[in-house]
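Structure, as structure tokens:
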């Protein structure tokens, strides 16, 4: 029964993708954003979203709360439509729609053949970040979580491997082995640190304990490499800004707990810049 549901979801997504291809990137992104404002709340718990936002912004006014939720769904819908145009963002007519600040940081990494850990969260169209890093000549592997829908996952994995980052690493033991192998060949790693993970540790996130991945801390302690935070912001419609921050070096005696909590603080600052562009629908503090 589950696979029948997944297959019908797959067919619906394919139909939408074909429509998006006909409409073009700007109109597709706009219409999909508006569409998700209405259908998004039907598929995700409104209570969870409100509770999450109030944990991060306890004094938020009701009108601002409603506006943030509406804009979150709009951004969600835009991301969905923009999957059809990842190729154009990388090598086509949409290349100029992405402004990169901190290009000198990337050039320094390449010049010194240095490996780093790029961290970020599911902000704006987060898929464009790893794409820009690899396109700029960074030897990169990206950690990802496969979609539950096995039919859709085939398509998204293909898009990611072809246009975002060739070296896609699935979360899990097998993925970690591949990741370490690439690390030995001087590959940098990109990952999102804002998902709830059962194998993580409880760490402060907006003054609440949340299960948080320790992969960055593990890599720092094993390979003694720096963290480079990456922030993406949707400026308007399908125009984006990506900020590459200066590397953060941790002391040798820094603990996994300390590193993880420090990175959560970095993530909090990114989210506060544009909270409506972060995905609040996940049960982050469960």
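Quick notes on this one:
- Note on the chain: GNM, Cα springs under 10 Å; of 62, 203, 29, the largest mean-square fluctuation is that of 62.
- Using the Cβ-Cβ distance between residue 55 and residue 145 with R0 set to 35 Å, the FRET efficiency from 1/(1 + (r/R0)^6) comes to roughly 0.95.
- Modelled FRET efficiency - R0 35 Å, residue 161 with residue 273, Cβ distances, 0.05 increments: 0.70
- In the elastic network of the chain, a GNM with C-alpha springs shorter than 10 Å, the most mobile of 115, 168, 218 is 218.
- Taking the DSSP beta bridges with both ends in the chain, the antiparallel portion is around 40 percent.
- Within a Gaussian network of the chain (alpha carbon springs, distance under 10 Å), most fluctuating of 194, 64, 104: 64
Read the figures in this text as sums done on the coordinates, not as results from a lab. Just so it is clear, the model here is predicted, and its values are computed rather than measured. So basically every Cβ, Gly included, is an ideal-geometry build from the backbone, and we count neighbours across all protein chains shown.
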